[in-house]
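Below is one structure, written out as structure tokens; the observations come after it.
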Amino acid sequence: MSQRQPSLEEIFESDIQTLALTSRPGTVDQYQSTARRFLGYLRAAFPEVRQLSQLHRDPHLLGWFRWLCEQQPPLCNQTRILHLTRLRRLLHDLATRGYSPLSDLIRQEDFPPQPRYLPKPLSLHEDQLLQQELRQTDDLPANALLLIRATGIRIGECISLPSDCQRQVGPDQWALHIPLGKLHTERLVPADPEVRRIVARILALRSLAPPFYLAKSQGLLLPRRGGRRALYKTLRSALAQAAQRAGCSTHVIPHRLRHSFATEMLRLGVSLPVLRELLGHKDIRMTLRYVQVTQQDLQREYHTARQNAAQRHRLPTLSVPKGIIHADLSGTCQALAAARHLLEMYRRQLRDEKAKRKLQRLGRRLLAVASQLQHIATTEK
């Protein structure tokens with residue numbers, strides 16, 4: 001008796017369940033939604049396709065791409081990109097499990113253009129008015145929003161902050177511990193006195209919350225009446241009302257506070273790699289989407305760079321004081337160490353990669369000479 005072949009629905013569901021072992025429930029739901037859309041299209045347009053071996057790029061996949069474009073109301077490019085990305089991942093996983101070649105069914109040229117979102121920080125004036133309004137309101141939602149603005153954390157990360165989120169990382173140095181979140185990572189965000197004041201105020205207001213709220217949120221910084229979604233809606237509503245009272249001319253959502261934080265940090269001189277760590281991004285290209293570079297920023301950076309151009313290769317002084325080096329092996333080793341230090345500092349300021357490699361080789365030679373001298377000095381003792 002021949003063994004029954006699993007249906008397409010069973011094959012995709014089995015693969016998604018494997019994916020669920022390392023993915024969050026929300027991510028699994030999104031993959032299931034994409035699989036349902038694709039398999040529903042196949043049943044309606046190509047009912048004869050019952051096995052993966054019958055699946056071809058043309059007409060099955062190309063027909064599905066067209067079907068996605070014809071949906072009403074229309075799907076935005078980002079939604080279509082996500083559907084294609086998920087289905088490509090599922091087909092790739094199935095190919096690695098030994099099913100018929102599926103890796104070339106979805107190609108890079110099938111993806112619609114990525115939408116280019118402009119950063120949406122608040123204007124400096126509206127940002128100041130909103131923060132002033134939140135300080136005057138001085139309730140739990142207002143202070144939670146101030147914490148988001150002061151640290152650039154996501155609203156979901158703020159909701160998940162533990163009550164003991166503050167960590168001392170050095171003498172008079174503190175940070176907020178952001179637990180595992182959206183990208184399955186955790187990080188420490190520096191906390192200045194203003195951030196610590198906001199956290200202390202939240203803890204004080206938290207102690208005044210009804211016992212029922214505290215029971216629902218044991219170990220969490222922000223007490224809540226319901227679940228995460230209810231608190232999320234509360235914070236969004238509180239921000240919208242505060243923005244209206246402050247006279248903001250545009251719609252304000254919590255994520256715009258994060259954009260405002262990123263833009264402010266960039267203008268204060270924080271480098272992009274450091275800003276990426278502060279925001280908790282894995283890719284610096286995402287960080288670039290958060291910051292707004294204005295014409296004033298361009299003019300300031302350009303003129304600063306031009307002023308420093310004449311001093312591009314400023315040489316540091318030798319680390320060995322004058323008059324201390326003696327004409328012996330020990331003094332020679334000290335002089336070589338100082339020369340290597342000076343050479344390395346100069347090398348790091350160069351932009352010519354070929355010249356930098358040559359200087360690196362010279363530095364290795366000096367290190368070899370110093371090692372031989374050290375060996376001679378040890379033998380003579």
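Coordinate-derived values only; no laboratory data. The structure presented is a predicted model; accordingly, all values stated were derived computationally and were not measured. As a convention, Cβ positions derive from the backbone with ideal geometry for all residues, glycine included, and neighbour counts pool all protein chains shown.
Based on the Cβ-Cβ distance of Leu62 and Ser100, what FRET efficiency does E = 1/(1 + (r/R0)^6) give at R0 = 25 Å, to the nearest 0.05? Write out the running numbers ahead of the final one.
On the way: r = 18 Å, r/R0 = 0.71.
Here the calculated transfer efficiency is 0.90.
Please name whichever of Phe65, Val28, Ala355 sits farthest to the positive end of the charge dipole of the chain, dipole taken about the Cα centre and charges placed at Cβ: Lys and Arg +1, Asp and Glu -1. The one lying farthest along the dipole's positive direction is Ala355. Here each label is just a point 7 Å from Cα along the line to Cβ, and for Ala338 and Val49 those points are 7.6 nm apart. Projected label points at Gln128 and Tyr41, each 7 Å from Cα along the beta carbon direction, are separated by 5.2 nanometres.
Can you give the net charge of the other residues whose Cβ lies under 10 Å from the Cβ of Leu124, counting K and R as +1 and D and E as -1?
Within the 10 Å Cβ shell, the charges total -2.
Please give the residues of region 252-279, grouped as numeric ranges, whose backbone N is less than 12 Å from a label point set 7 Å along the Cα-to-Cβ vector of Arg306. The answer is none, because no backbone nitrogen lies closer than 12 Å to the label point. Dipole magnitude for the chain: about 580 debye, using +1 per Lys or Arg Cβ and -1 per Asp or Glu Cβ, origin at the Cα centre.
Give, in nm to one decimal, the length gained when the segment between Tyr346 and Glu186 is fully stretched (0.36 nm per residue of separation minus the Cα-Cα distance).
Going from the current span to full extension adds 53.9 nm.
When the charge dipole of the chain is built from unit charges on Cβ atoms (+1 for Lys and Arg, -1 for Asp and Glu) and taken about the Cα centre, the candidate among Ile153, Pro223, Leu266 whose Cα reaches farthest toward its positive end is Leu266. List nothing, just return the count: lysine pairs in the chain, 8 or more apart or interchain, with Cα separation under 28 Å. Value for the chain: 9. The order of the peptides 144-155, 59-70 by mean Cβ neighbours within 10 Å, most packed first, is 144-155, 59-70. If you take the beta carbon distance between Asp110 and Gln5 as r and set R0 to 35 Å, what does 1/(1 + (r/R0)^6) give as a FRET efficiency, to the nearest 0.05? Using R0 = 35 Å, I get an efficiency of 0.80.
If you take the Cα atoms of the chain, find Rg, then find the Kirkwood Rh from the mean of 1/r over all pairs, what is Rg/Rh?
Radius of gyration over Kirkwood radius for the chain works out to 1.11.
Comparing Pro121, Pro73, Pro162 in a Gaussian network model of the chain where C-alpha atoms under 10 Å apart are linked, the largest mean-square fluctuation is found at Pro73.
Applying 1/(1 + (r/R0)^6) with R0 = 25 Å to the Cβ-Cβ distance of Lys358 and Ile284 gives a FRET efficiency near 0.25.
A Gaussian network model of the chain, with springs between Cα atoms under 10 Å, assigns the largest mean-square fluctuation among Tyr346, Tyr232, Tyr290 to Tyr346. Taking other residues whose beta carbon is less than 12 angstrom from the beta carbon of Leu84, and scoring Lys, Arg as +1 and Asp, Glu as -1, yields +4.
Charge tally for Ala368 (other residues, Cβ to Cβ under 12 Å; Lys, Arg +1; Asp, Glu -1): +4.
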